[in-house]
Amino acid sequence: MARLVYSTITSLDGYVADESGDFSWAAPDEEVHAFVNDTQRRIGTFLCGRKLYEVMAWWDTVPLEGEPPVMWDYAGIWRDADKVVYSRTLESVPDPRTRIEHDFDADAVRAMKDSSSRDISVGGPDLAGQALASGLVDEVEVFAVPWLIGGGTPAYPRGIRVALDLLEERRFTSGVAYLRYNVKG
């Protein structure tokens, strides 16, 4: 049975993007990127909201010539995984490993967890919030970036209360802190 993991990169005050939608402050350096890659190797399927998918689809076509090995590595991880995009507006996707679902269906995700041999990642705060509210998330991974941005898109939805147990922590030379939690349940 697979575990459902919410993995997010946030400002220290808990935002994934600032008020103008910018998240360039969250770009990982090579040390953090290599670690992110290692955490993502266990993922067989990425569940994404439309906005996150549109950002991540860059990895499907990015020209990597001249880019560092961590970029090549992540592109391979992303391209080799299945993707499910939850969107009511997206009509099609160019990647044959990606399918569109119009609505989040907790029972379908539960069945996916039961039948998958590899873990599943849920990304995007709105979608992750639905998965958390449905009791489907098994782990929360946080990459806390040493920025206070004062507002924007919160990493966690309002009104969600989930007890967590710390499983792992790591500090990086850039000041990024990685925290991995098990959802108590």
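Each reported figure results from applying straightforward, stated rules to the coordinates on display, with no laboratory input. Predicted, not measured: the structure shown is a model, and the values here were computed from it. Note that each Cβ is placed from the backbone with ideal geometry, even for glycine, and that neighbours are counted across all protein chains shown.
Before moving on, here are some points about what is shown:
- Neighbour counts of other Cβ atoms within 10 Å put Val84, Val16 in the fewest-to-most order Val84, Val16.
- Bridgeable lysines around Lys184 (alpha carbons under 19 Å apart, same-chain partners fewer than 8 residues away excluded): Lys113.
- Under 18 Å from Lys83, Cα to Cα: aspartates and glutamates that are on another chain or at least 8 residues apart: Glu54, Asp60, Asp73, Glu91, Asp95, Glu101, Asp103, Asp105, Asp107, Asp114, Asp119, Asp126
- Dipole size of the chain about its Cα centre, with +1 on Lys/Arg Cβ and -1 on Asp/Glu Cβ: approximately 560 debye, rounded to the nearest 20.
- In sequence order, the range 98-112 has phi-based couplings of 10, 10, 9, 10, 7, 9, 6, 10, 4, 5, 5, 5, 4, 5, 4 Hz under the Karplus curve 6.51 cos²θ - 1.76 cosθ + 1.60, θ = phi - 60°, and Gly or Pro positions carry x.
- Calculated FRET value between Arg171 and Glu54, using beta carbons and R₀ = 35 Å, to 0.05: 0.65
- Restriction of the trypsin sites (Lys or Arg not before Pro) in the range 109-185 to DSSP coil positions whose beta-carbon has at most 12 other beta-carbons within 10 angstrom yields Arg158, Arg161, Lys184.
- In terms of surrounding Cβ atoms within a 10 Å radius of their Cβ, Met56, Met1 rank from fewest to most as Met1, Met56.
- Cα-based shape type of the chain, given that a ≥ b ≥ c are square roots of the gyration tensor eigenvalues and the cut on a/c is 1.5: rounded
- In range of the label at Asp38: residues from the range 96-138 whose backbone nitrogen is under 12 Å from the point 7 Å along Cα→Cβ: none
- Cut-off 12 Å between beta-carbons: net charge of the residues surrounding Tyr6, Lys and Arg +1, Asp and Glu -1: -3
- Antiparallel bridges, percent of DSSP beta bridges restricted to the chain (to nearest 5): 40
- Between amide H atoms placed 1.01 Å from N, distances below 5 Å from Ser116 occur with Ala2, all of them 5 or more places distant or on a separate chain.
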